[in-house]
Each structure stands twice: as structure tokens, then as C-alpha cells.
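Accompanying notes for the structure given below.
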Amino acid sequence: MNSKILLSPPHMGGNELNFINSAFESNWIVPMGPNIDAFETDLEKYIQEDKNVLSVSSGTAAIHLALILSDVRSNDEVICQSMTFSASANPIIYLGAKPVFIDSETDTWNMCPNALENCIKDRIKNGVKPKAIIVVNLYGMPAKMDSIVTISKRYNIILIEDSAESLGSSLNNKKCGTFGDFGIFSFNGNKIITTSGGGALVCSTSHQKEKALFLATQAKDTAPHYQHSEIGYNYRMSNVIAGIGRGQMQVLDKHVNLRRENNNFYQSLFKNIKGVFVQKEFSENYYSNHWLTCILIDDKKSSISNEELRLILIENNIESRPLWKPLHLQPVFRKYKYFGDNISEQLFNKGLCLPSGSSLNSQDKNRISKIIIDAFK
């Protein structure tokens, strides 16, 4: 059988080992050191804004810290995009707060500004003003951040931009991860660059970063002995895996270009196949890293459904995956409020994520192309 084509495997640039070896040679095998400092500096330079970046153990940890810095507490409400991975909402529950889920819109598949404002008006009318908004740039596609930022400022609600999937994407030439009061990146093994596991918190001020660092390193007070006045967390990134991140930063733009080429490949492949829509930027102001290329299949116009195509691909050792199941439909979140028109549910029912790794080669594409063309025949 042919080797398996994965959805989004890690893709090393070649220089990562040099930075890892430097950590071993200097004995910086701890959650501090030159690689961490340089990795954070590289990220700050890349996003090209006056922001402060803290590298942490995961994107989920970064969201948790952002919520704490936003003063989210037990029984507070936090607005969250429904169509996303559960890690966007889980930290809300960690704090004993309550998520309120918002539907998607059809242009970007991300948080609908109209549903967002309707939600805020409803919650204020009922005497509960939300503490924060978590918006997600799904699959690398920027959300309608201009409208969402305007709404967050109008009601004076903190905005957390979950850019776990959108490092390298931009809107109006402004990098994703820099629109909110806080930004989030993930370097999980399947992301556009990886540190095997890890993430980053983007802060608006140096004071926020200092507070986040304090919390991420077990909240140790300044004292000759171990003293703690606040609850802390073991969330700091290791200097060893930060070395992987330094090497990956050197190939980030290359990886973005390769994934955008994958999107062009799929646009061409499905051009003459009825009933299939390939996600792309709906406006020239949007620039997606196309972390994953996703399609929608209208089974009333197409010869097969999204699930039938997924099964055909897996039979041929090619990984694909349904779109994120909306969180308001997940058993663990069903009891929480939801605002919208079920756009995210319609996307989930029709959608499929296709192999999109930056290491996808011409042989892989030929296999995928043949299988898909045959499937739709």
C-alpha cells in the first residue's frame, strides 16, 4: 500500500537541530534561556506590531492566561466562537466561567459580527455583561476583525484573538494575532510551524507579559524562599523546544507559500467538479496562510457527499477530516447559550478538510487528484 498522506504533518526546515544542540551544549535544559528569548523576539519582529510575546507550553495555556489577565472569574460570561476546536472554550470552564457561543458567517466561516452584537445586547439587557470575546481565525482565514474590533470597543469588552491556526495570515496587511487585546498562537505538531507542542501569548503591554510570565512560572513571589500569594501554573515553554521554534521561524514564510500553493492546487482540481466549493479569501484585503484547505460539498448537486469522499480517501490511505463540529452541539457544551442562524452547523454538515501540509509533494498531489477525480465520476 502507498504511504499515508497526512492532513498536516510536521515539516522541519533543517536548522532546528543546531538550536537544540546549542541548548544542550550550554546546559540550558530549563524553561528559560537564549532560545526562548530569541524565539519571542523573532515572533515580535514577524508580527510587526508593538506587541510583547510570551512563549508557553500550548495555545490552550495562552488562552487560559489571557482570560486570567482579563479578570475572568467564576460565573462570568465569555463569548466564544462556536465553530472551533474545544481548546478555544475549555479555559473558560477552567475558571468556572460560562461560555456563550456565537455562530459563523459564510464569507470567512468565522464569528458573525451581527450575531456577536445581538448576543452582547441580549446579555446586557439581562444584566450580565460579558467579560471577554474569543474570536478564532479558522483554518488560517482571518475573521471579520475590523467589525469585531469595533464591536468590542463599542461595548468595552476585552478581545482575545485565537490565531492558533493563522500565524502568517493578515487582514489589510496587519498580521493575525495583533488585532485583539491579546493574541494566541499554537505550535502544536500539526500547525504551520511547530515546536512539537507549545504556544505563545501576544500581549499589548510589557506589564501584561510580566504578569503572564509570573503566572506561567508558578506565581513565585520575590523572596529567598518559595512563597506564593497567588495560584500559578506550569505553563512556560522549554528552552529546548524553543530551539525548534527558532529553526521553524526561518522557514515560516516558505511554509505559508507552500500551503497557499496547495490551496491553488485544490482550486484547480475542483474547478470543473459540480457541487464543490473550495474555501478561499472572499476579498483581496484578506490573506490566509491556508493552514488547511477545506471544501464544502453540496450533495444535491454533487455525485457524492463529504462523508463518502472522506471514506474513499481513507480507503486509499489519504487522511481527511470533517470541519470542526460547532461547540454548541458538543455534549459537554450543550447547556450553554448560543446566538446565530446555524451557519456553522451547515458548514459542518457539508465540509471536509483536505491534506494541506507544506511537505505535500507532486507525487502526493497526483495521488490525491486521481482518487478525487475517480470518486466524483
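The values are calculated or read from the model by the stated rules, or taken from the named source; none is laboratory data. A quick note: this is a predicted structure, and the numbers were derived from the prediction, not measured. Every residue, glycine among them, receives a Cβ derived from its backbone with ideal geometry; neighbour counts consider all protein chains shown.
Tabulated results
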read-out	value
Residues that are touching a residue at least 12 places away in the same chain (Cβ under 8 Å) and assigned to a helix (DSSP H, G or I), drawn from segment 42-60	42, 43, 46, 47, 59, 60
Of residues in segment 79-95 being over 18 Å from the mean Cα position of the chain (by Cα) and not hydroxyl-bearing (Ser, Thr, Tyr), the one nearest to residue 106 (Cα to Cα)	93
Candidate set from segment 276-299 (those that are of a type in the set (D, E, K, R) and modelled with pLDDT of 95 or more); member that is farthest from residue 322 (Cα to Cα)	284
Residue within segment 113-124 that is within 18 Å of residue 203 (Cα to Cα) and at pLDDT 95 or above present	no
Residue 327 vs. criteria modelled with pLDDT of 95 or more, buried (at least 18 other Cβ atoms within 10 Å of the Cβ) and within 18 Å of the chain's Cα centre (by Cα)	yes
Of the criteria (1) under 25 Å from residue 53 (Cα atoms); (2) among the charged types (D, E, K, R); (3) in contact (Cβ under 8 Å) with a residue 12 or more places away in the chain; (4) surrounded by fewer than 19 Cβ atoms within 10 Å (Cβ to Cβ), which one residue 221 fails	(3)
Some residue of segment 104-111 being in a strand (DSSP E or B), closer than 30 Å to residue 258 by Cβ and outside the structural domain of residue 283 (by TED's automatic domain parsing)	yes
Members of segment 39-59 that are over 17 Å from residue 241 (Cα atoms) and in contact with a strand residue (DSSP E or B) (Cβ under 8 Å, 6 or more places away or on another chain)	44, 46, 47, 48, 49, 51, 52
Residue in segment 322-331 that is under 25 Å from residue 147 (Cα atoms), hydrophobic (A, V, I, L, M, F, W, C), in contact (Cβ under 8 Å) with a residue 40 or more places away in the chain and in contact with a strand residue (DSSP E or B) (Cβ under 8 Å, 6 or more places away or on another chain) present	yes
Answer from 344, 303 - the residue that is at pLDDT 95 or above, of a type in the set (Gly, Ala, Ser) and not assigned by TED's automatic domain parsing to the domain that holds residue 163	344
Matching option when the condition is in a helix (DSSP H, G or I) and out of contact with any Gly (no Cβ under 8 Å at 6 or more places or on another chain), among 20, 63	63
Sole residue being outside the structural domain of residue 132 (by TED's automatic domain parsing) and buried (at least 17 other Cβ atoms within 10 Å of the Cβ), chosen from 88, 82, 3, 8	8
Of all residues making up segment 141-168, the number that are in contact with a Phe, Trp or Tyr (Cβ under 6 Å, 6 or more places away or on another chain) and closer than 23 Å to residue 64 by Cβ	7
Set 172, 190: member being touching a residue at least 40 places away in the same chain (Cβ under 8 Å), polar (S, T, N, Q) and over 15 Å from residue 139 (Cβ atoms)	172
Extreme residue, surrounded by the most Cβ atoms within 10 Å (Cβ to Cβ), among residues of segment 266-309 that are over 14 Å from residue 369 (Cα atoms) and aromatic (Phe, Trp, Tyr)	291
Condition met for residue 74 (touching a residue at least 12 places away in the same chain (Cβ under 8 Å), closer than 30 Å to residue 115 by Cβ and outside the structural domain of residue 208 (by TED's automatic domain parsing))	no
Yes/no for residue 295 being under 29 Å from residue 173 (Cα atoms) and among the β-branched types (Val, Ile, Thr)	yes
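This table checks each residue for (1) in contact with a Ser or Thr (Cβ under 8 Å, 6 or more places away or on another chain); (2) among the basic types (Lys, Arg); (3) closer than 17 Å to residue 97 by Cβ.
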{"residue": "33", "(1), (2), (3)": "yes, no, no"}
{"residue": "45", "(1), (2), (3)": "no, yes, no"}
{"residue": "58", "(1), (2), (3)": "yes, no, no"}
{"residue": "72", "(1), (2), (3)": "no, no, yes"}
